[in-house]
Amino acid sequence: TIADDGGGGWMPAKKLAAFLREQGLNVASSTNGPKAIWQKAAFLLPVSTACLYWRTPIGNIRKSDEWRDIIRMMNEVAAVAASVGVEVSTASAEFALGRVRKEMLPSSTRDTLAGQEPDKTEYQYLVFPALHLATENSIKVPVPVLRSMYREILLRKTHKLPDTKHPL
């Protein structure tokens, strides 16, 4: 997704996206940068967290009870976005979640399974700012599912705990 920053940059997002699509890339554009980022986060943070936590592709999670944890995390991320003045809909994130290939595995999970520490992947840079915003400036947005899964992912590394394998 390419978004305008409101500063009248060298090329509007819509025009740049059209050019990139002509080159064969799958690109979306937005005129609202903050909303585009939070909308993507409402999908990516929960999916990355669940796949990293369970260390399994999204398809295994979708057909289990843990599916509800992803939906809860989507709502948690939307609440954090709302706390900083950005309204996002989890409906499009839920729709996208139902459409991704069942073998989809976020790159942070692939990196971790290949031996890279989870706090050295892009996952850390995605989830930490959301968790920080949830507690910053006395906002105190509850994010219990995201926070507990994140803590266990980091505890596994620090205390060499065994991985939580998905039961399926």
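For the reader, a short list of remarks on this structure follows.
- Theoretical gain in end-to-end length, residue 28 to residue 100 [0.36 nm per residue, Cα-Cα removed]: 24.3 nm
- C-alpha long axis of helix 122-135 to longest principal axis of the chain, angle in °: 90 degrees
- For the stretch 84-152, the set of trypsin sites (Lys or Arg not before Pro) satisfying both a DSSP loop assignment and a count of at most 11 other C-beta atoms within 10 Å is given as 101, 102, 140.
- Size check on the stretch 1-89: the Cα extents along the three principal axes, sorted descending, read 46, 34, 17 Å.
- Once the 1.4 Å probe is applied to the protein heavy atoms, the chain comes out at 57 Å² accessible per residue.
- Highest-fluctuation residue, 78, 17, 91 considered, GNM on the chain with Cα pairs under 10 Å: 17
- The chain: angle of helix 33-54 to the longest principal axis, Cα-based, in degrees nearest 10: 20 degrees
- Reference-scaled alpha-carbon Rg (2.2 N^0.38 Å with N residues) for the chain: 1.09
- With Cα atoms, 0 to 90° folded angle of helix 13-22 axis to the chain main axis: 80 degrees
- Each of residue 91 and residue 64 was given a label point 7 Å from its Cα along the Cα-to-Cβ line. The distance between the two points is 3.0 nm.
- A cut-off of 5 Å between modelled amide H atoms, ignoring neighbours fewer than 5 places along the same chain, links residue 2 with 28, 29, 30.
- GluC sites (Glu not before Pro) restricted to DSSP loop in the stretch 22-123 with at most 13 other C-beta within 10 Å: 87, 103
- Within a Gaussian network of the chain (alpha carbon springs, distance under 10 Å), most fluctuating of 126, 146, 44: 126
- Sparse packing (at most 11 other Cβ atoms within 10 Å of the Cβ) combined with a DSSP loop state is found for the following trypsin sites (Lys or Arg not before Pro) in the stretch 54-95: 63.
- Remark: the residue 19-residue 117 segment gains 31.6 nm on full extension, using 0.36 nm per residue and subtracting the alpha carbon distance.
- Modelled this way, with points 7 Å down the Cα-to-C-beta line, the labels at residue 136 and residue 107 are 2.4 nm from one another.
- Placed amide H near residue 121: partners under 5 Å, 5+ positions off or other chain: none
The values are calculated or read from the model by the stated rules, or taken from the named source; none is laboratory data. Remember, it's a predicted structure, so these values are computed and weren't measured experimentally. Note: ideal-geometry Cβ built from the backbone for every residue, glycine included; neighbour counts use all protein chains shown. Surface areas here come from the heavy atoms of the whole protein model, side chains and all, with no ligands, DNA or RNA. Shrake-Rupley method; radii C 1.70, N 1.55, O 1.52, S 1.80 Å.
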